[in-house]
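S.K.: Here you go, one structure.
Quick note: the coordinates plus some simple rules give every number you see, no bench work behind them. Note that the coordinates shown come from a computational prediction; the quantities given were computed from them, not determined experimentally. Every residue, glycine as well, gets a Cβ built from its backbone with ideal geometry; the counts of neighbours run over all protein chains shown.
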Amino acid sequence: MMTNLFSMFDPSTNIFSMSLNWLSTTIGLLLIPNMYWLIPFRYNMLWYKILNTLHSEFKMLIGNAAPYGSTFIFVSLFSFIMFNNFMGLFPYIFTSTSHLTMTLTLALPLWLSFMLYGWINHTTHMFAHLVPQGTPPVLMPFMVCIETISNLIRPGTLAVRLAANMIAGHLLLTLLGSTGPSMNMILINLLLITQFALLTLESAVAMIQSYVFAVLSTLYSSEVI
């Protein structure tokens, strides 16, 4: 009986012919966050710096009345869009953010949630937004129509802006690249220089458009708080 009792501590014990006795040591290392046993390299430090800067800027745009942690969704949105934009710069990878299905999926739920939250919790405040301060009484009905239309097209403008900017650069790169086989050596060298310049421009556009999408979403949310 004593042999059977202490056999569970025997290092030779196996399950399904696999020795799993020392697996707990490895699992313990995996459960510890990387920041405690790996020195963060420059890429991590740069990314943390960018995220902290975005958090501070979005917090300033939303205002102090916003709930604690409300900027995290916009920082995550920026990271997600920029990741997909950069993935589309690699060959044979479809740029998901160049399709309206993807961009509308991001913009429409955000805008709809802002509108529902604002009209349910701050109805008077939302009605006040329909008439800008200082509008003459004669123009008030027209301003209500204009502000309503501009509010309704916000998710469309967000989605189309992102998709159109991502399509434009990729389309130009594809059109220029398709002319390569019919060129001589001198023109091919000029084409390569142009393609590298456009690729650099597209890298900047990938960052700028993700930033614009996140900032505009932040500004739209600040109007309903």
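S.K.: Place +1 on the Cβ of every Lys and Arg and -1 on the Cβ of every Asp and Glu in region 40-222, take the dipole about the Cα centre, and give the residue among Met166, His122, Val75 whose Cα lies farthest towards its positive end.
M.R.: Val75
S.K.: If the only charges are +1 at each Lys and Arg Cβ and -1 at each Asp and Glu Cβ, what is the size of the charge dipole of region 40-222 around the Cα centre, to the nearest 20 debye?
M.R.: Dipole magnitude for region 40-222 comes out near 220 debye.
S.K.: While we're here: Springs between alpha-carbon atoms under 10 Å, Gaussian network over the chain: tell me which of Ile149, Ile186, Ile27 tops the mean-square fluctuations.
M.R.: Comparing Ile149, Ile186, Ile27 in a Gaussian network model of the chain, the most mobile one is Ile27.
S.K.: Quick one: which of 172-179, 102-109 comes out on top by average Cβ neighbours within 10 Å, and what's the full order, highest first?
M.R.: Values: 172-179: 12.1, 102-109: 17.8.
The peptides rank, most packed first, as 102-109, 172-179.
S.K.: Just need the relative contact order of the chain here, percent rounded to a whole number, with Cα pairs under 8 Å and 6+ apart.
M.R.: So the answer I get is 29 percent.
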